[in-house]
Amino acid sequence: MIIVMRPGAATDDIERVVSRVQRAGLSTHLSQGEDRTVIGVIGHDPYGIKDAFTHDPAVEDVIRITKPYKLSGREFRRQDTVVTLPGGLRIGGGEVVLMAGPCSVEDEAMLLETAAAVRDAGAHVLRGGAFKPRSSPYAFQGLGRSGLRILARARALTGLPVVTEVMTPGEVEAVSDAADIVQIGARSMQNFDLLREVGRQPKPVVIKRGLSSTIEEWLLSAEYVLSQGNYNVMLCERGIRTFETATRNTLDITAVPLLDELSHLPVVVDPSHGTGRWSLVAATARAAIAAGADALMIEVHPRPDEALSDGPQSLTLPNFASLVPTLDAVAHAVGRALAPSPTRTTGAAAAR
Ligand code: PEP
Ligand code: MN
């Protein structure tokens, strides 16, 4: 349930409403909009708290949230959530953010080479897995904590913020210390203990869609993180299992505008895992921007045929560099732009 205060409601009135709700044994979450304060009421309401405010002059409306997910839904928060990273990079504010890098951190030299190249091409965030969820226990499992140290070095050298995956609750602290964005992988989307643990750490979280998860299950996973007090949550569409076997996954582009209707959280699209083939990445990346994605996450490797994971879906460094101007062009065609990058001249700026 949400309680919408009248525009300009006094702080005393807001506090009075909050304490009345809390006395009924429910918890509250304040959302301060430009003209209105909205109080989210969390918990089961056996006392009919809705009726308590019917005649309250400071309250404009009391709305029951009908969806099973509460904090992640649009009913709860009408404005878009914007995640701001150190350095001021904004995700969800309209401009498109590019996250790029290898599937796995393989060694220091390849990560630094990739990080410098994607930064020079205009990427805003460096991706790279240190803890790798692999289908086979015999496949490369990632460098673990030493991979986190390599990511920290790449961040220091390039200035790029870092997104990296965490697989277990016990590693959340180490990953959170090293990362600017903590990634929940598709295979962990319903690891509820892990979700609760990342909800208790301070860094933004990106939740990849489970391999066969519905939109509702995905939003409920986001709810686990939000309900622990971490509101900087993003959703990443990375393709789902369908009957089709010609591609690794089926990238659900429909999820992008649908999530924009259902949720205020920023939406990231990963066309690399979404297709499984590097030759399909450019077209689907452009489609994602046209559909409204707030950010893209793209796998890039200096030598994809030698990659220890996901080589077939990784772009080479030159292919990534030549993709970026076309993403910029599509963004402008739909009235958007890529987020500013110190190393890239935008189409609009180049035309001046
Ligand atoms: C990854 O980002 O490298 C990854 C393992 O992705 P997903 O969880 O979407 O399969
Ligand atoms: Mn991968």
Exercise. Quick check: is even one residue across the stretch 115-124 open to solvent by less than 10 Å² (accessible area, probe 1.4 Å) and β-branched (V, I, T)?
Worked result: yes
For this session: Would you kindly identify the helices (runs of 4 or more DSSP H) lying entirely within the stretch 4-122 that contain at least 2 residues that are touching a residue at least 12 places away in the same chain (Cβ under 8 Å), assigned by TED's automatic domain parsing to the domain that holds P161 and of a type outside the set (A, V, I, L, M, F, W, C)?
Result: 108-121
Exercise. Within the set of pairs 6+ apart or on separate chains, which have a first residue in the stretch 276-296 that is under 13 Å from I253 (Cα atoms), a second that is in a helix (DSSP H, G or I) and open to solvent by 40 Å² or more (accessible area, probe 1.4 Å), and C-beta atoms under 7 Å apart?
Worked result: R286/T326; A291/P257; G292/P257; G292/D260
Exercise. If you take the residues in the stretch 161-219 that are in contact with a Cys (Cβ under 8 Å, 6 or more places away or on another chain) and charged (D, E, K, R), which one is farthest from L98 (Cα to Cα)?
Worked result: R209
Seminar exercise, completed: The condition of being of a type in the set (K, R), within 12 Å of ligand 1 (Cβ to nearest atom) and farther than 22 Å from G292 by Cα holds, among R149, R196, R187, only for R187
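To keep it simple, each residue is scored yes or no on (1) assigned to a strand (DSSP E or B); (2) farther than 18 Å from G210 by Cβ; (3) within 15 Å of ligand 2 (Cβ to nearest atom); (4) among the basic types (K, R).
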residue	(1), (2), (3), (4)
M234	yes, no, no, no
I253	no, no, no, no
V256	no, no, no, no
D260	no, yes, no, no
L265	no, no, no, no
G274	no, no, yes, no
S279	no, yes, no, no
Exercise. Tell me, which residue of the stretch 291-314 that is open to solvent by 10 Å² or more (accessible area, probe 1.4 Å) and of a type in the set (A, V, I, L, M) is farthest from A109 (Cα to Cα)?
Worked result: A291
For this session: Name the one entry in A156, A152, A178, A186 that is modelled with pLDDT of 95 or more and either among the acidic types (D, E) or touching a Gly at 6+ places or on another chain (Cβ under 6 Å) (or both).
Result: A186
For this session: Tell me, please, whether a residue that is within 17 Å of the chain's Cα centre (by Cα) and farther than 29 Å from P257 by Cβ can be found in the stretch 78-89.
Result: yes
Exercise. Are any residues in the stretch 125-169 part of a helix (DSSP H, G or I), within 11 Å of L111 (Cβ to Cβ) and open to solvent by 30 Å² or more (accessible area, probe 1.4 Å), and if so, which ones?
Worked result: R149, A152, R153, R155, L157
For this session: Scan the stretch 44-60 for residues that are modelled with pLDDT under 85 and either among the aliphatic types (A, V, I, L, M) or within 35 Å of the chain's Cα centre (by Cα) (or both) and jot them down.
Result: H44, D45, P46, I49, K50
Problem set entry | Qualifying position, being without any contact (Cβ under 8 Å) to a residue 40 or more places away in the chain and farther than 17 Å from V83 by Cβ, among V172, V198, V205, V182 | V172
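The values are calculated or read from the model by the stated rules, or taken from the named source; none is laboratory data. Please read these numbers as outputs of a predicted model, since none were measured by experiment. Quick reminder, even Gly has a Cβ in these numbers, built from the backbone with ideal geometry, and neighbours come from all protein chains shown. To get the accessible areas, we keep the full protein, side chains included, count just its heavy atoms, and leave off ligands, DNA and RNA. Shrake-Rupley method; radii C 1.70, N 1.55, O 1.52, S 1.80 Å.
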